[in-house]
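What follows is calculated from the coordinates using simple rules that are stated; it is not laboratory data. In this text, all values refer to a predicted model and were calculated from it rather than measured experimentally. Cβ coordinates were reconstructed from backbone atoms using ideal geometry, including for glycine residues, and neighbour counts include every protein chain displayed.
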Amino acid sequence: MIFAILTKSLLFSIIFITFVVNNLNRIYMKELVSKIQEVYATFSTDAALQIEKGNKAAGTRARKTSLELEKLMKEFRKLSLEESKK
């Protein structure tokens, strides 16, 4: 009897933890996509300034931002693959 209660309690704990982790992953992915959009907007603005007005400082900022964007995109790809395997 005690074993059955402990088993049910453990099972409930595992289900609850799985639910929480899945929701945290989704929340993190939403925040990550939001951050990607924000960084891309910055990149786009700086790249346009370099192209249209020849602003060298904007080109430097755009290159730096592109590296940050690359890291964020790799993180998104990693999380996306994890989610697709569930």
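When the Cα positions of ASN22, SER66, LEU49 are compared along the charge dipole of the chain, SER66 comes out farthest toward the positive end, with charges on each C-beta of Lys, Arg, Asp and Glu. Residues PHE76, PHE19 in ascending order of nearby Cβ atoms (within 10 Å, fewest first): PHE19, PHE76. Estimated at 0.36 nm per residue, the fully extended path between THR42 and THR60 surpasses their Cα-Cα distance by 5.3 nm. Rounded to the nearest 10 degrees, the inclination of helix 56-84 to the longest alpha-carbon principal axis of the chain is 20 degrees. Computed from point charges on the beta carbon alone (+1 for Lys and Arg, -1 for Asp and Glu), the dipole magnitude for the chain about its Cα centre is near 140 Debye. Simple spin-label estimate for MET73 and VAL33 gives 1.7 nm between the two label positions (7 Å along the Cα-to-Cβ direction from each Cα). Our Cα-only numbers for segment 23-84 put the radius of gyration and Dmax at 14.1, 45 Å. Under 22 Å of direct C-alpha separation, and excluding same-chain neighbours fewer than eight residues apart, LYS30 reaches these lysines: LYS71, LYS74, LYS78, LYS85, LYS86.
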